Amino acid sequence: MYCDRCGTQLTAGGQYCTKCGKAILGGGAAAASTARGGMGQAAGSGGAYGVVAGSDGRVQRNLRTLATLWMVNGILRLAWSGSMIIFGGVFFPFLRGWRGPGTWPLGGWGLDGFLSRGVFSVGVVLAMFGVLHLVLAYGLFERESWARMLGLVIGFLALLRFPLGTALGIYTLWVLLPEESGAEYDRLAKGDRKWNSAAASS
């Protein structure tokens, strides 16, 4: 017997497809049985396992793409924040030493120190968001139960970063926000947990 979505062979007595996480109900007619007596036939209602779709499959189709985009976004954010931290910690002190303390406006050494600390602080904040984006990507890849809520929060925040962040935020909310998507994501997460439990016990 096989899943009618991904084609994975179903385990007898299982409640979820171990690959795509779709729920399995006894008595369904969607699973295909193996060929018997030289001819293949579709499984009927007698003891076959059908996979029931609770939504249009939006989460299943887009989850890996969404996780990849957040992973790339997190890596780029960390790279950008690292460059800002290096810039703030190296460039302004170098400029101060090159021009001398008396050349700065407002007198003394204050302005370059303020700018250096400001750029450094912004870089640290961006780095924190980069790490958060990588955490979200990991959660989506692994179908962790907490990843959907984290994705919704970060997706709403991303709307403020026009234009690329806005586009990614809209895509994230389109995939994860609908109620049907929440039910589908919960089934995928539960399916992975059951599969991991079965693998660990075996």
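Would you list the helices (runs of 4 or more DSSP H) that sit entirely within segment 86-202 and hold 1 or more residues that are modelled with pLDDT under 80? Give the steps one after another, and end with the answer.
On the way: elements: 110-141, 147-158, 164-176, 179-201.
Counting at least 1 such residues, we get 110-141, 179-201.
Has segment 41-62 got at least one residue that is among the small types (Gly, Ala, Ser), within 33 Å of the chain's Cα centre (by Cα) and at pLDDT 70 or above? Let's see the steps before the verdict.
We begin by selecting, within segment 41-62, every residue among the small types (Gly, Ala, Ser); these are 42-48, 50, 53-55, 57.
If we keep only those that are within 33 Å of the chain's Cα centre (by Cα) as well, we get 50, 53-55, 57.
Filter again for at pLDDT 70 or above, leaving 57.
Among the residues of segment 41-62, at least one is among the small types (Gly, Ala, Ser), within 33 Å of the chain's Cα centre (by Cα) and at pLDDT 70 or above, which makes the answer yes.
The values are calculated or read from the model by the stated rules, or taken from the named source; none is laboratory data. These numbers were taken from a predicted model, which means no experiment stands behind them.
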